[in-house]
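Notes follow the structure.
A short reminder: the numbers here are calculations on the coordinates, not readings from a lab. Just so it is clear, the structure is predicted and the values come from calculations on it, not from any experiment. Cβ atoms come from the backbone with ideal geometry, glycine included; neighbour counts cover every protein chain shown.
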Amino acid sequence: MLADMSMDIPWGSEGTTAMVGNVGLITSRDESGKPNIMAAEWTRLISYAPALFAVHIGPGKKSLLNILETKVFGISITSKNQGWIASVAGGSHGDEENKVAALKELGVKFREDDETKVLLVEEAALQIVCRMIKKEELGDHVMVVGSVENFKVADSPAPIVYHKRKYFDLSGPLPKPETEELERIKLVVDKYRKSEITK
Ligand SMILES: Cc1cc2nc3c(=O)[nH]c(=O)nc-3n(C[C@H](O)[C@H](O)[C@H](O)COP(=O)(O)O)c2cc1C
């Protein structure tokens, strides 16, 4: 049950764009085996052991219907040169367009998982095969939780960064504060350690 005091943060408003995220390419098949692909920024590892991923998908999307039918799906975390693939995957609905065929013709390489027949996008930073273990309606999306059956990390993973509806790369780590500032932080943090406070 959601809190009575909950409010909206409309799609595309500042409250949604002041964050960064990955973009997952979610692959699925319908019961006849026809493949589909969508883009999902709401794709996240939510447990290490066992490894679980959650993807939040709008109701009525072809990918959601496919996953509910077949209970398996793929997640390919886009690499920095794959933003355009996310735009194609997220730009139309699988019941109106064969996005996988279009992407293949455009040169995207897919590989098929032997066991589940799930498609994965080659060269994606992380390629994961999931089996659905849970589905839950949360607000205006449906959370699909998948347990990881197998995964592959790209040779030099360089995931895309999604921010303000644009794709960025990881341009490098930020510098640490100066030594003096680090010492000041340590002093204050130590002062508030439980053992010190109770003295
Ligand atoms: C970068 C990007 C991120 C997106 N993230 C999500 C998301 O997290 N959840 C969602 O339901 N749709 C998301 N979408 C929209 C879907 O990809 C889009 O509605 C798609 O057409 C659904 O395809 P389908 O109907 O074939 O499943 C995103 C689109 C883009 C381009």
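Points to keep in mind about this one:
- Residues in segment 94-110 that are touching a Pro at 6+ places or on another chain (Cβ under 9 Å) and within 14 Å of the ligand (Cβ to nearest atom): 94, 98, 99, 100, 101.
- In segment 114-125, of all residues being of a type outside the set (A, V, I, L, M, F, W, C) and in contact with an Asp or Glu (Cβ under 8 Å, 6 or more places away or on another chain), the one that is farthest from the ligand (Cβ to nearest atom) corresponds to 115.
- Of all residues in segment 43-71, those satisfying the criterion of being within 8 Å of the ligand (Cβ to nearest atom) and surrounded by fewer than 16 Cβ atoms within 10 Å (Cβ to Cβ) are 58, 60.
- Residue within segment 40-52 that is within 18 Å of residue 140 (Cβ to Cβ), in a loop (DSSP other than H, G, I, E, B), out of contact with any Phe, Trp or Tyr (no Cβ under 6 Å at 6 or more places or on another chain) and not small (Gly, Ala, Ser) present: yes
- Scanning segment 8-39 for residues that are surrounded by fewer than 15 Cβ atoms within 10 Å (Cβ to Cβ), in a loop (DSSP other than H, G, I, E, B) and of a type in the set (S, T, N, Q) yields a total of 2.
- Residues of segment 79-88 include at least one that is in contact (Cβ under 8 Å) with a residue 60 or more places away in the chain and of a type in the set (A, V, I, L, M).
- For residue 147, the test of being polar (S, T, N, Q) and within 10 Å of the ligand (Cβ to nearest atom) is failed.
- Of all residues in segment 160-172, those satisfying the criterion of being more than 13 Å from the ligand (Cβ to nearest atom) and either touching a strand residue (DSSP E or B) at 6+ places or on another chain (Cβ under 8 Å) or among the β-branched types (Val, Ile, Thr) (or both) are 169, 170.
- Flag for residue 174 being exposed (fewer than 10 other Cβ atoms within 10 Å of the Cβ) and not acidic (Asp, Glu): yes
- Counting the residues of segment 72-93 that are within 22 Å of residue 170 (Cα to Cα), within 7 Å of the ligand (Cβ to nearest atom) and surrounded by fewer than 16 Cβ atoms within 10 Å (Cβ to Cβ) gives 1.
- Scanning segment 34-84 for residues that are within 18 Å of residue 21 (Cβ to Cβ) and hydroxyl-bearing (Ser, Thr, Tyr) yields 43, 63, 76, 78, 79.
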